[in-house]
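First up is the structure itself, then whatever we jot down about it.
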Amino acid sequence: MLLIIYKSFHIWLKLDKNFNISLYITFLNLKVVKMKSKIMLVKPPIHADAVFDPIRTTQPLGLWYIGSYLKEKGHDVTILDTVMEGMDNKTMLTSETDYETFSEQKHLDLESLTAEEFVDKYSPHSSGEVSREIVRVGLSDGEILERIKEEDPEYVGISVFATCNHTPSIELAKLIKENFPDIKIIAGGSHATDMAEKILRDSDSSIDFCVKGDGQYVLEEIVQGLNPETGVAYLDNGKYVDKGEFRRIKMDEFSMLDSSLLENIVLPMPATHTQDTNGRKYVDVMFSRGCKKRCEYCVAGSKKYGFDPLSLDKVEDQLIELKEAGYEELVLQDDDLLRDKEHFFGVLDLIQKHKLNWQDNGGIAIEDLDEEVIDKIIDNGLCNSLYVPFNPRNYKVNQAAGYATSHHHKKIERLKRLRESGIYVYTSGIFGTDVQTKEDVNSEIETYKNIIREGYVDQALVFSVSHLPSTKNHELFGDDIINPDDFLGYSIFVPHAKTGTMSVKDVEVAVVKANQEYNGIQKHARDWGSSFPK
Ligand code: SF4
């Protein structure tokens, strides 16, 4: 269906010598708008470092929001999650060994070798070049092409959310363009926003547009056949054209997530990206965006987004929709869940009203866990687990004896109340920051072990600093990255940079050692958060 609109026009009057008046209208910028397009939104396969990365996935939340909006606007939308649908298809790209054999040997070595010996055997940085063992996870190229052929879309939108997805996203775009040259391919997501020119050039023009910033309105214009005035970048005869980033959209402007778009997706059970839901069908969701903190390694922290809650009436509509679709447990991914206590309490009341289980995976600031919040969470009775990241360096708890004297003692003590009420509480530590020395690393590992042993948390995840493009860290320490084009190194689990006092192999040793030592005492360690499960 086509609709002709007049973007702007001039009206003017003319008076002749007989005092007759004539009306003139001049139409400018005549545009033809396509009202219904066929769009396929695709999450590309994962490439992961087979040594350091766990294999994790969940619903493609960004694609889901955009797909729901475009569908509401009358377009024909499908979502293909090549990872969820092809989770069992794991192929080593760099060796003849199959992934299961490689992984089994890695875990045997983790138990029998020292951290230094393990790194000597597996480090991708041993040869001077970065040479990683890479595993690909997802539907095969043939299966993806078959699905595209069946759907026959005019537009394919590819999610390039994370920097470590750079290579498989480019490969997917090239594959589609080679086989279906008439399909317009659009990339979007955080990495596509921050590295649009590199993505467009690396794809050899297979990608027609990169959407920059929140994408729903920009993508809508593209599939209508329009040329957006902002929020898009493309190559024009090899010349890079960048129209800037689209404004941050308010959560209330998003459409309600439409469950029918994901009805074919089979969820991994147990979940691979968060705590086990004990068989309950789970869904990632956000009821607010924005974080008050300014972590220098985080895109949200570096871009200084303000806090933006979803109105409670819309929260309730969404809960009803998800419940009707059979979802039983919400995995909250809010950047700063406790930022607005009143809003959080309102959300909890609605979750209770609609009898949904929930867990937090986005992270809760420990300083916001006051007695009132803890009482509310415990009284709610439906919380499965909470992720409470904190840095022991800031909390002066580097020795167990230090708890009693620290003024943060009470805050950490509160975590015990949550655990005693049956909630699984986990935290994380990050290695490879510029302020850490090797001695600090050893001290922090001991601290986390003490926190686990003494019952403050059930588990500590092990992360490695990644200097993501567009973060403050990248600006400050980007030169420490061993190879900026080593895209798998930007995963939060994968060391890829030296620091002022540590080589990249020192950081790898810290990561391996922390995993080895935590695995020895984490009674409920699951194999989702750590690449080195017990
Ligand atoms: S607390 Fe989390 S979301 Fe907030 S800035 Fe830090 S890493 Fe980012």
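The values are calculated or read from the model by the stated rules, or taken from the named source; none is laboratory data. Computed from a prediction, not measured in an experiment: that's the story for all the values here. As a convention, Cβ positions derive from the backbone with ideal geometry for all residues, glycine included, and neighbour counts pool all protein chains shown.
I'm told residue 501 meets every condition in (1) surrounded by 17 or more Cβ atoms within 10 Å (Cβ to Cβ); (2) in a loop (DSSP other than H, G, I, E, B); (3) β-branched (Val, Ile, Thr) except one. Can you identify the failing condition by its number?
(1)
Which members of the range 339-367 meet the condition of being within 11 Å of the ligand (Cβ to nearest atom) and hydrophobic (A, V, I, L, M, F, W, C)?
Hits for the range 339-367 are 364, 365, 366.
Would you mention how many residues in the range 387-406 are at pLDDT 50 or above and more than 14 Å from the ligand (Cβ to nearest atom)?
2
Could you count how many residues in the range 280-332 are of a type in the set (Asp, Glu), more than 16 Å from the ligand (Cβ to nearest atom) and outside any loop (DSSP other than H, G, I, E, B)?
Number satisfying all stated conditions: 6.
Would you check which residues across the range 418-465 are among the hydrophobic types (A, V, I, L, M, F, W, C), closer than 18 Å to residue 116 by Cβ and touching a strand residue (DSSP E or B) at 6+ places or on another chain (Cβ under 7 Å) and list them?
Those that are among the hydrophobic types (A, V, I, L, M, F, W, C), closer than 18 Å to residue 116 by Cβ and touching a strand residue (DSSP E or B) at 6+ places or on another chain (Cβ under 7 Å): 431, 441, 462.
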